[in-house]
Amino acid sequence: MEELLSELKVKIVEVLNLVDVRPDDIDEEDRLVGGKLGIDSIDLLEMVMMLEKDYGITIDNKELGEKVFATLKTLAMHIERNSSVVSG
């Protein structure tokens, strides 16, 4: 999972164009939405599209999205459980 967490940190910084954030600044237990990264609903859409494109995962309702995007760790766990691209 450590490799996936590192990969996700880089993707989040790139996809969301977080110019003042380095991947190492993102803690796996920090809140993604409404946390110190300032991720908002538009950013979430970008992340959902990244998940679909890179991992073949669809987030198709708000309740699932709230659980999956709670923290970086919950995101990584969801990818490991549901992606055919990543072997958990």
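For this structure, a couple of remarks:
- From largest to smallest, the equivalent ellipsoid semi-axes obtained for the stretch 2-82 from the alpha-carbon gyration tensor read 17, 14, 12 Å.
- Multiplying the residue separation of Glu14 and Leu45 by 0.36 nm and subtracting their alpha-carbon distance yields 9.7 nm.
- Length gained when the stretch Lys73-Glu7 is fully extended (0.36 nm per residue, less Cα-Cα span): 22.6 nm
FYI, it's all coordinate maths here, none of it is from the lab. Since the model is a prediction, treat every value here as computed from it, not as a measurement.
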